[in-house]
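See below for the structure under consideration.
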Amino acid sequence: MGKQVTMAAMVAVAAMTGGPWALAGQAPEGWSVPRTADGRPDLQGIWANDSATPFQRPDDLGDRATLTDEEVAAMQAYAVEYDRVGGDAVFGDTPFIRALASLEQPAEDRSAGGGSTRRSTRSYNQFWMIDRWFDNRTSLIVDPVNGRLPDRTASAQARVERQLAERNEPGPDGRLTLAQEVASVDPAIRCRGAGAVLSGRGYNSNYQIFQSADYVAIQIEMHHETRIIPIGDVAPGEPGPVSNTGSSVGRWEGDTLVVETTNLKRGVRGSTVDTKITERFARVGPEMLQYEYTINDPATWVQPWTARMFMRPAPGTGVIYEFACHEGNYAMEHALRNERFLDADGRR
């Protein structure tokens, strides 16, 4: 039974990628970039960022930038079986980390999820999560070449420590203030809105691109933000007010759309708001959009860093749905009620 599941998973991968060992971003022979009426590459469509490749290279992989074809096939088979069995929902880098760990298990256990698919915390399960796809890469970060974020500057480390101290410093009554408790809750639960970088993966990670000669618009499904990017001479001379998505200006470099963004309301992965984001969009296949972004913030990291992602047409109905985060959002209330319950129960 285990071998049958594994082979079925490999067939599923082959149907999805043109082969379980297809390299991301590798265009088929004879393919040419589709173009709009004005001759520019056509970036339009609803693109899904559902790659399972981890953001940073796991320590266990050392300096390995790629996996073997056999490893990729086995990891994809594990993920397919995990979805079939219906374990707890997994987010971010977790599908890759678990699938990588499964390679150390005997084949008969690996094909059944190594037992982990049968455990449940009685959270919502993987059934409603989008399928993730694997390729040979071991990190989304391509620069530095070690696949990991560069070192933080001394001032950035001091800033982090100061912020943590302020967040955890109790008030006169020995308890955290309401503002401190709210600040400690995940920003997504607080519905703070999307950022400029299209970095979400596997969870409402859909992005619809509209394009004209002078503008590109990107509608972000998660938190329902829309970026309006002027191209070339139509860009205003001065940036607008600070915002979650910042002020962006685009230009074409050959067949690549380059977008530079500043004027941010909040940083990216712990950066300051003075960071500069440089994004690059390029069609690299009939159903593949290469998206790359570089973060340059000398106040936070000792060097700029770059991540590269590959997006595919969104599965399903091909429409963007409103992500009504605030309407009916009970997460914040429930989080605070849980804290009061723990207080009353003497666990604090």
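Could you check, for segment 298-315, whether at least one of its residues is hydroxyl-bearing (Ser, Thr, Tyr), touching a residue at least 60 places away in the same chain (Cβ under 8 Å), under 30 Å from residue 139 (Cβ atoms) and in a strand (DSSP E or B)? Among the residues of segment 298-315, at least one is hydroxyl-bearing (Ser, Thr, Tyr), touching a residue at least 60 places away in the same chain (Cβ under 8 Å), under 30 Å from residue 139 (Cβ atoms) and in a strand (DSSP E or B), which makes the answer yes. Looking only at segment 293-312, decide whether some residue is surrounded by fewer than 19 Cβ atoms within 10 Å (Cβ to Cβ) and under 19 Å from residue 43 (Cα atoms). Looking through segment 293-312, none of the residues is surrounded by fewer than 19 Cβ atoms within 10 Å (Cβ to Cβ) and under 19 Å from residue 43 (Cα atoms). Regarding residue 157, is this residue free of Cβ contacts under 8 Å to residues at least 12 places away in the same chain and surrounded by fewer than 16 Cβ atoms within 10 Å (Cβ to Cβ)? Yes: the conditions hold for residue 157. Among the residues of segment 19-36, are any closer than 28 Å to residue 220 by Cβ, out of contact with any strand residue (DSSP E or B) (no Cβ under 9 Å at 6 or more places or on another chain), modelled with pLDDT of 90 or more and surrounded by fewer than 21 Cβ atoms within 10 Å (Cβ to Cβ)? No, the conditions are met nowhere in segment 19-36. Considered as a group, the residues in segment 180-203 that are touching a strand residue (DSSP E or B) at 6+ places or on another chain (Cβ under 9 Å) and at positive phi include one that is surrounded by the fewest Cβ atoms within 10 Å (Cβ to Cβ), and that residue is 193. Could you tell me whether residue 329 is at pLDDT below 75, more than 17 Å from the chain's Cα centre (by Cα) and surrounded by 13 or more Cβ atoms within 10 Å (Cβ to Cβ)? Spelling it out, residue 329 is indeed at pLDDT below 75, more than 17 Å from the chain's Cα centre (by Cα) and surrounded by 13 or more Cβ atoms within 10 Å (Cβ to Cβ).
For segment 269-287, the set of residues classified as within 16 Å of the chain's Cα centre (by Cα) and modelled with pLDDT under 95 consists of 269, 270, listed by residue number.
The values are calculated or read from the model by the stated rules, or taken from the named source; none is laboratory data. Keep in mind that what you see is a predicted model, and the values were worked out from it rather than measured. No Cβ is skipped: glycine too gets one built from the backbone with ideal geometry, and neighbour counts run over all protein chains shown.
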